[in-house]
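Please read the structure below before turning to the comments.
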Amino acid sequence: MLRYMSAKNLKKWRGQIGLLRVDLNIEPSQEESAYRLKAILPAIKLLLKNKNKIVILSHRGRPKWKDSKYSLSPLAKILEKRLGQKIKFLPFGNNFRGLRRDIDLSKNKIFLLENLRFWPGEAKNSPVFAKKLAILGDFYVNEAFAASHRKNASISVLPRFLPHYAGLSLASEMKNLDLAMRKYKHPLTLIIGGAKAIDKLGVIKYFLNKADRVLLGGGPANTFFKALGLDIRNSLFDPDAIPPIKKYLHNQKIILPSDFRANKDKILDIGPRTTVEFISLVKKSKTIIWNGPVGLFEKKGFERGSYQLAKAVARNRGFTLVGGGETTTIILKLGLENKIKFVSTGGGAMLDYLSGKKLPGIEILKR
Ligand code: ADP
Ligand code: MG
């Protein structure tokens, strides 16, 4: 049974040390980062209110070993500003008992441990490393939905060694994604764009019999065209996805763009006719799930399809769910985050969840 973090559930841990696994895998300059940061603040505040000391755990980037470029120390400053509280940074080292002593003796309330991936055990999903991490706290909270699809020590093993809870943001992710998967209203529209078609196939497959239509743009649309034998010149497509999509090529629910904006020999955005068509289908929907920009929105002139689609989704009064790093960036750039029913903090984790896959970081919490 999954236990959720709540004021009531936390009472028995008053005064103890909580290990809070979050996702600070962010570039401080990106719009999306502010959203991910914001998502972890309520859990921190609840723990503080419960008089807990908090040790924040996160990975950042894919460093092979200690690489100062990927240090979490700049995030300590940023979090400090957000919380108006001092954060003590815990640098890399292997004396976890010593660290625990320091935390026990310290007057500080919040600690941030260095990038977990500086310890090779994290990515190796090592129980030995998870056990060392467990020394640092008395209970564990997973507030890192965006990392919960990973088999990493701090996500999928550490909860074995400590009493554990699902965090506030994790709970809200699960609730909203479950709504989209099981309590949706028709017409249900799935919109899939972005870069790698293969990453999106699970979601398309899961929703194909539930959705009324699946609108494709970006790399996935190009990949369908390629598989249909059309000449897409130098446009982005995903060769790995060609064999597995063969069986969907003539599916009536899948709607491909009918015109494009292109630059030289590359399709870079859906065209005006497609945009109008997609918007009108969005307008008629009662549930909308969107992942992946329908064009290279970073390049001027090719943001139009994605931006207009984002605005149409935001105008919809039904249940609207948006997720993915770049898709979220678009929503935040346009200031639409409060007009979307739920903006997920997850990219890969959301895609896995919406594919019906079990996430290791969530499954372990049920034990
Ligand atoms: P998300 O992060 O929202 O899950 P992805 O990572 O799958 O989305 O893909 C986002 C990227 O896909 C964006 O950087 C965007 O520029 C790119 N993209 C979308 N359509 C195209 C296209 N037609 N050509 C090249 N790149 C594209
Ligand atoms: Mg992305």
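The values are calculated or read from the model by the stated rules, or taken from the named source; none is laboratory data. Note that this is a predicted model, so its numbers are computed, not measured. Glycine also receives a Cβ, built like all others from the backbone with ideal geometry; neighbour counts cover every protein chain displayed. When the accessible area is computed, the model is the full protein with side chains, heavy atoms only, and any ligands, DNA or RNA have been set aside. Shrake-Rupley method; radii C 1.70, N 1.55, O 1.52, S 1.80 Å.
Using θ = phi - 60° in the Karplus curve 6.51 cos²θ - 1.76 cosθ + 1.60, the 3J(HN,Hα) couplings for the stretch 124-138 round to 7, 6, 7, x, 5, 5, 4, 5, 5, 4, 4, 4, 6, x, 9 Hz; x is entered for Gly and Pro.
Put simply, the amide H of Ile288, placed in the peptide plane, has neighbours under 5 Å in Thr189, Phe319, Thr320, Leu321, leaving out anything fewer than 5 places away on its chain. Normalised by 2.2 N^0.38 Å, with N the number of residues, the alpha-carbon radius of gyration of the stretch 88-222 equals 1.42.
Here the Karplus curve 6.51 cos²θ - 1.76 cosθ + 1.60, taken at θ = phi - 60°, turns the phi angles of the stretch 205-222 into couplings of 4, 4, 8, 4, 8, 8, 6, 7, 7, 10, 8, 10, x, x, x, x, 4, 4 Hz, with x standing for Gly and Pro. Amide H contacts for Ile254 (H built 1.01 Å from N in the peptide plane; partners 5 or more residues away or on another chain; cut-off under 5 Å): Val214.
Report the local net charge at Val276: Lys and Arg +1, Asp and Glu -1, summed over other residues whose C-beta lies under 14 Å from its C-beta. Summing Lys and Arg as +1 and Asp and Glu as -1 gives +3. Accessible area per residue for the stretch 184-354, computed on protein heavy atoms with a 1.4 Å probe, is 43 Å².
The residues packed around Pro28, meaning those with a beta-carbon under 12 Å from its beta-carbon, carry a net charge of +2 if Lys and Arg are +1 and Asp and Glu are -1.
Note: relative contact order over the stretch 184-354, using C-alpha pairs below 8 Å and six or more positions apart, is 24 percent. The alpha carbon convex hull volume per residue for the stretch 258-334 rounds to 81 Å³.
Annotation: amide H-H contacts under 5 Å for Asn125 (H modelled 1.01 Å from N, sequence separation of 5 or more, or interchain): Ala153. The ratio of the alpha-carbon radius of gyration of the stretch 1-98 to the globular-protein estimate 2.2 N^0.38 Å is 1.16. Across the stretch 18-29, rounded Karplus estimates of 3J(HN,Hα) from the backbone phi angles (6.51 cos²θ - 1.76 cosθ + 1.60, θ = phi - 60°) give x, 8, 10, 7, 10, 10, 9, 7, 9, 9, x, 7 Hz, Gly and Pro being marked x. As a length-normalised measure over Cα pairs under 8 Å and 6 or more apart, the relative contact order of the stretch 7-171 settles at 28 percent. Under 11 Å from the Cβ of Tyr206, count the other residues' Cβ atoms, weight Lys and Arg +1, Asp and Glu -1, and hand me the total. Surrounding charge for Tyr206 is +3.
Each distinct pair of alpha carbons in the stretch 150-250 adds a 1/r term; the inverse of their mean, the Kirkwood radius, is 16.1 Å. Treating each Cα of the stretch 184-354 as one equal point scatterer and applying the Debye formula with no solvent, the log10 of I(q)/I(0) at q = 0.08, 0.09 Å⁻¹ comes out as -0.20, -0.25.
Taking the 1.4 Å solvent-accessible surface of the stretch 315-358 as the whole, the part contributed by carbon and sulfur is 45%. When the convex hull of its Cα atoms is viewed from all sides, the chain shows a mean projected area of 18.4 nm².
Averaging 1/r over each pair of different alpha-carbon atoms in the stretch 7-171 and inverting the result gives 15.6 Å, the Kirkwood hydrodynamic radius. Based on alpha-carbon atoms, the Kirkwood radius and the radius of gyration of the stretch 78-125 give Rg/Rh equal to 1.03.
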